[in-house]
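Okay, here's the structure, questions in a sec.
The values are calculated or read from the model by the stated rules, or taken from the named source; none is laboratory data. Owing to the predicted nature of the structure, the values given are computational and were not obtained by experimental measurement. Neighbour counts are summed over all protein chains in view; Cβ atoms, including those assigned to glycine, are modelled from backbone coordinates with ideal geometry.
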Amino acid sequence: MFDLSPAEWTAVELSLRVSIVATLVALPFGITIGWLLARKDFWGKIIVDGIVYLPLVLPPVVTGYLLLISFGRRGPIGAFLADYLGIVFSFRWTGAALSCGIMGFPLMVRPIRLAFEAIDRRLEDAAATLGAGDFRLFLTITLPLALPGVIAGAVMCFARALGEFGATITFVSNIPGETQTISAAIYTLLQVPGGEALAGRLVLVAVALALAALIVSEWFARRAGMRFQGE
Amino acid sequence: MSVLAVDVEKRLGEFTLAARFTASGGVTALFGPSGAGKTTIANMIAGLVAPERGSIAIDKSMLFDAATGIDVPPHRRRIGYVFQEGRLFPHLSVRKNLDYGRRMNGHAYDAKEFARIAQLLDVGHLLDRRPRALSGGERQRIAVGRALLTRPRLLLLDEPLASLDSARKDEILPYLVRLRDEARLPMVYVSHDAGELRQIATNVVRLDGGRVAATGGIELLD
């Protein structure tokens, strides 16, 4: 269907890998933060709330810069992770996943938080009287009931990660096969005179992937929603 | 026979709840007009609402005692609770709703007990359905079964028939009477409906304005 060159396939494959890893790693954090913001009142909640949504309003290049100085090879967090855990972000695809995950995080947290807020707390009371302690109650009642929101959040994060450009290119540059995602590849092609035609194919791939993500999420949300409706 | 001893106090805005009573075997009715504090007392017994002062105990086991700071969390109280609106879990089948308490309490699956309860409440044919596919009366029967299968030491029923029309009420009451006569499980039955209570209650605690107005037999319902 898409007649792509090996280099273009590499960019597509890398984009998918980066986005999937970013989403999966962000998900436990997204569920935890979404739950905390929905259910708990704690000191500094407004600050946590602000930090979570910051990547949505900051210029992506600023987010990329902040990642570079903190998670870069010589940044305080980056140096620590590299020396003690062997995790290196700078100029690696893992760095691209990190920046994509952070850029997608606000879009992930929001639907998850709303889903937790919408749950009928009386069902949780009922579960408690049936013998469910806090953690098991969360796993058997709260999380399954919030599932449509969790799926929606994951898909939003994935789609945002797929389209990420500014923060990623600032943080880990634009290295073919390592950090050159679809967006970066399109950008590179457009730097060459007459590159529009070549870029067109990747643009089609990007559109197709985004549409597929939306359709899949809609399907999941409907399925999950249908199970609960009307009790 | 279990003896439930309740002595609780709590301010709720303008309203002060201060109630003291005991309940032994049989079905103890908490009877009174709406706003008398019946549901709040049931929630206190279950551990969902904390009193400000007083204590709640079953036999010698203290569930709540403000003086010593004891407050056993709801999931460790072993008290079954049937709510007015059923509160079945919408994402689980009827079978899994019924089995939920056993799983959470870590009891071994007891097929005979499951079958006995399913038969007692006549819900065997509903097991593979989702709660949304049930009638109101069926839902309440499942809610009763779900509470019973946790093997509680006390069963609380908060207006279990209030959301049903009178035909459905008459459909469910016989099951509850059967439960009273066969299960020998002490029950606390909250209702404002004297006619309903006459059929099921053995003792009556009459509440009015957050206080116990009278305790005695079903003659208090007249």
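The conditions are (1) more than 13 Å from chain A (Cβ to nearest Cβ); (2) touching a Lys or Arg at 6+ places or on another chain (Cβ under 6 Å), and B:PRO152 fails exactly one of them. Which is it?
Checking B:PRO152 against (1) more than 13 Å from chain A (Cβ to nearest Cβ); (2) touching a Lys or Arg at 6+ places or on another chain (Cβ under 6 Å), the one that fails is (1).
Here's a check for you: in segment A:15-46, which residue that is among the aliphatic types (A, V, I, L, M) and in contact with a Gly (Cβ under 7 Å, 6 or more places away or on another chain) is nearest to A:ALA206 (Cα to Cα)?
The residue in question is A:ALA22.
Mind listing whichever residues of segment B:117-152 are closer than 16 Å to B:ARG178 by Cα and basic (Lys, Arg)?
Within segment B:117-152, just B:ARG141 meets the criteria.
So, of the residues in segment A:137-183 that are polar (S, T, N, Q) and farther than 23 Å from A:GLY200 by Cβ, which turns out to be farthest from the other protein chains (Cβ to nearest Cβ)?
The selected residue is A:SER173.
Can A:ILE51 be described as touching a Phe, Trp or Tyr at 6+ places or on another chain (Cβ under 6 Å) and without any contact (Cβ under 8 Å) to a residue 40 or more places away in the chain?
no
With segment B:28-120 as the region, which helices (runs of 4 or more DSSP H) entirely inside it contain at least 2 residues that are hydrophobic (A, V, I, L, M, F, W, C) and under 17 Å from the mean Cα position of the chain (by Cα)?
B:38-46
Within segment A:76-93, which residues are over 20 Å from the mean Cα position of the chain (by Cα) and surrounded by fewer than 18 Cβ atoms within 10 Å (Cβ to Cβ)?
Correct list: A:PRO76, A:ILE77, A:ALA79, A:PHE80, A:LEU81, A:ASP83, A:TYR84, A:LEU85, A:GLY86.
Further, regarding this structure: Criterion first (modelled with pLDDT under 95, surrounded by 14 or more Cβ atoms within 10 Å (Cβ to Cβ), of a type in the set (A, V, I, L, M) and assigned to a helix (DSSP H, G or I)) does A:ALA26 satisfy it?
No, not satisfied.
State the number of residues belonging to segment A:143-173 that are polar (S, T, N, Q), closer than 30 Å to A:GLU218 by Cα and surrounded by fewer than 23 Cβ atoms within 10 Å (Cβ to Cβ).
Residues in segment A:143-173 being polar (S, T, N, Q), closer than 30 Å to A:GLU218 by Cα and surrounded by fewer than 23 Cβ atoms within 10 Å (Cβ to Cβ): 0 in total.
Check B:ARG139 against each of (1) surrounded by 19 or more Cβ atoms within 10 Å (Cβ to Cβ); (2) more than 10 Å from every other protein chain (Cβ to nearest Cβ) and name the one condition it does not meet.
Every listed condition holds for B:ARG139 apart from (2).
If we scan segment A:46-61, do we find a residue that is surrounded by 19 or more Cβ atoms within 10 Å (Cβ to Cβ) and farther than 30 Å from A:ALA197 by Cα?
Yes, that holds for at least one residue.
How many residues does segment B:78-102 contain that are basic (Lys, Arg) and either within 26 Å of B:ILE56 (Cα to Cα) or at the interface with another protein chain (Cβ under 8 Å from one of its Cβ atoms) (or both)?
3
To continue, here is another question. Being touching a helix residue (DSSP H, G or I) at 6+ places or on another chain (Cβ under 8 Å) and farther than 15 Å from B:ARG11 by Cα is the filter here; which residues of segment B:22-54 pass it?
B:GLY26, B:VAL27, B:ALA29, B:LEU30, B:PHE31, B:GLY32, B:ALA46, B:GLY47, B:LEU48
All but one of (1) in a helix (DSSP H, G or I); (2) surrounded by fewer than 16 Cβ atoms within 10 Å (Cβ to Cβ) hold for A:PRO176; state the number of the condition that does not hold.
(1)
Here is a check on your reading of the model: is A:GLY131 buried (at least 18 other Cβ atoms within 10 Å of the Cβ) and within 14 Å of another protein chain (Cβ to nearest Cβ)? Quick ask: steps written out before the conclusion?
Details: buried (at least 18 other Cβ atoms within 10 Å of the Cβ): yes; within 14 Å of another protein chain (Cβ to nearest Cβ): yes.
So A:GLY131 fits the description; yes.
Taking segment B:166-197 on its own, how many of its residues are surrounded by 14 or more Cβ atoms within 10 Å (Cβ to Cβ) and assigned to a helix (DSSP H, G or I)?
So the count comes out to 14.
Can you pull out every residue in segment A:94-128 that is of a type in the set (Gly, Ala, Ser), in contact with a Gly (Cβ under 7 Å, 6 or more places away or on another chain) and either surrounded by fewer than 22 Cβ atoms within 10 Å (Cβ to Cβ) or away from chain B (no Cβ under 14 Å) (or both)?
Hit for segment A:94-128 is A:SER99, nothing else.
Here is a follow-up. Show the residue pairs that are 6+ apart or on different chains and have beta-carbon atoms under 6 Å apart, the first residue being within segment A:81-98 and farther than 21 Å from A:LEU162 by Cβ, the second being part of a helix (DSSP H, G or I).
Taking only residues 6 or more apart or on different chains, the pairs are A:ILE87/A:LEU81; A:VAL88/A:ALA82.
Which count do you get for residues in segment B:28-67 that are buried (at least 24 other Cβ atoms within 10 Å of the Cβ) and in contact with a Ser or Thr (Cβ under 6 Å, 6 or more places away or on another chain)?
1
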